[in-house]
Amino acid sequence: MAGSLSASAHWTSSDFVVQGELHGGDHSWDLHARLIEARTDEVQAVATASTGVAEPDTQLLQTRLAAGTGYTLALRLNAQVERGEHDGTSHSASPASAAKIVIEQALASN
């Protein structure tokens, strides 16, 4: 998925949106992902993961790319949520536990 969020995109039920691009080259696959605050369209975090094209296991390639970017984005989201809980601007009910679960899933996939 290339490009940026369009003005017509409506993310009314989401606090954050993950948007990314997958690029295949001669020697590697590169996944670039962004965590975007839906209300403001402000990029909160950027993550990049790469893996070699020589890996014959497609599932393993996908897992490495997802975990590589997911871990970085989950850490940032967790920090956002914790900061919101401390200053009273929490985005939704009990999101800290959900963000921590995302981090655990990313770690387990690595």
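None of the figures in this text is laboratory data; all of them are computed from the coordinates on show. Only a predicted model underlies this, so the values are computations on that prediction, with no experimental measurement involved. Every residue, glycine among them, receives a Cβ derived from its backbone with ideal geometry; neighbour counts consider all protein chains shown.
A few remarks follow.
- Net charge over other residues, Cβ less than 15 angstrom from the Cβ of Arg64 (K, R count +1; D, E count -1): -3
- Peptide ranges 29-42, 66-79 listed from the most packed, as the mean C-beta count within 10 angstrom indicates: 66-79, 29-42
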